[in-house]
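Written out below as structure tokens is the structure these notes cover.
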Amino acid sequence: VQVLRNAGEEVTLTVSFLKRAPAFLKLPLNEDCACAPSDQSSGTSSPLCDSGLHLNYHPNNTDTLSCSSWPASPGLRWEKRWCDLRLIPLLHSRFSQYLPGSDLCRQNAFQVIAVDGVCSGIIQCLSAEDCIDWLQAIASNISNLTKHNIKKINRNFPVNQQIVYMGWTEEREQDSLQDRMYTPKFLALRGSSLYKFIAPPVTTWDWTRAEKTFSVYEIMCKILKDSDLLDRRKHCFSVQSESGEDLYFSVELESDLTLWEKAFQTATFLEVERIQCKTYACVLESHLMGLTIDFSMGFVCFDAATKAVLWRYKFSQLKGSSDDGKSKIKFLFQNQDTKQIEAKELEFSNLFAVLHCIHSFFAAKVACLDPLYVGSQATASAAPTTSGTGKLKYST
């Protein structure tokens, strides 16, 4: 069409002779339509084959029939069948409504990209409702396949290295000067770590080649509200690392966001429950100390040299805290006997890791006291998983 538009006022059309056309013209006119089988000698197929029409005829020999050699038989019938144009495996595939690398959302359209890079092309829906139905159906299928795959992989990993979550997100680039605002990243929650990959891990060796890894109890995850969003992408969350670096991620559907949030809570809860305590080196009045965050006892500060305990408080006694954003944290504890507030200030070399760890232990403590949450975790770990069809099928 573009060539015709740019051709000027006069257009010259050249008609070429198609060798296969006479064979098609010899077909009986009273039949619905016809389709020639593939020509093995040329390696090409008939245009009518691509339209989904097939010859319902099975000769005794195994040779492929050419158009000119089709036998005239009373039992020869033509029928329409679905002809697959493209098959896209949905395990570890991703889909998006957004233009690649941008925050511009397509109108009632999306595309699916398989793990090997095969792309569906742009799928245009007739309405927003149809588009959402397709996206939810594809997301559900991918989720079921992922759960089934996780269940199989976990058989080869010990209890403390079980996979809780795997899935695609898009990470917002830190450098605003980049033409590409977002880059696909594959996130996985396994054991004590959050893994960030550029491609899904397939072998055990792949897990050692992650782009980045973070301890789940030393990072902070925040589901972003509309007022916190940085651009036109809707379903986003941020992860603050133990070094204070902020990572910004986007997912396609609200259900994807909910799935991630529950998975992160579960991974944190399981890891805190497993390690029970974490100790960090700190400085108090120029003396080297240790602060232990204990799931059962709370906060314990001790002298690093003598191991003598300086003070001890339960989680319930912490009434407030503040930090300078660099290294110092001031804790406000309530004395159980006097009910007075006692301030304790410590200096850490890894401030954000300590703050996030305290938050993780508090969250796990609260979750542990919630019977609904604990019950849901037990049900989730025991529930059977099933796989879907496993492919997005294109037919015509």
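Leaving ligands, DNA and RNA out of it, report the carbon-plus-sulfur percent of the accessible area of the range 277-373 at a 1.4 Å probe.
On the way: 2900 of 5350 Å².
Percent of accessible area from carbon and sulfur atoms in the range 277-373: 54.
Over the range 277-373, accessible surface divided per residue gives 55 Å², non-protein components excluded, 1.4 Å probe.
Surface exposure of the range 158-275, expressed per residue as accessible area with a 1.4 Å probe, stands at 49 Å². Can you give me the long-range amide H partners of L104? Hydrogens built in the peptide plane at 1.01 Å from N, cutoff under 5 Å, separation of 5 or more residues or another chain. Close amide H contacts, sequence-distant or interchain: L99. Between S140 and L4, the C-beta separation translates, for a Förster distance of 56 Å, into a calculated FRET efficiency of about 0.80. Highest mean packing first, where packing is the average number of other Cβ atoms within 10 Å per residue, the peptides 227-236, 265-274, 3-12 line up as 265-274, 227-236, 3-12. C105 contributes an accessible area of around 80 Å² to the protein surface, as traced by a 1.4 Å probe with all chains present. Here the scattering of the range 277-373 is modelled by Debye summation over its C-alpha atoms, one equal scatterer each and no solvent; at q = 0.15, 0.17 Å⁻¹ the log10 of I(q)/I(0) is -0.60, -0.76.
The values are calculated or read from the model by the stated rules, or taken from the named source; none is laboratory data. In this text the structure is predicted, and so the values were computed from the model without any measurement. Using ideal geometry, Cβ is built from the backbone for each residue, glycine included, and neighbour counts are taken over all protein chains shown. Only protein heavy atoms, including side chains, enter the accessible area calculation; ligands, DNA and RNA are left aside. Shrake-Rupley method; radii C 1.70, N 1.55, O 1.52, S 1.80 Å.
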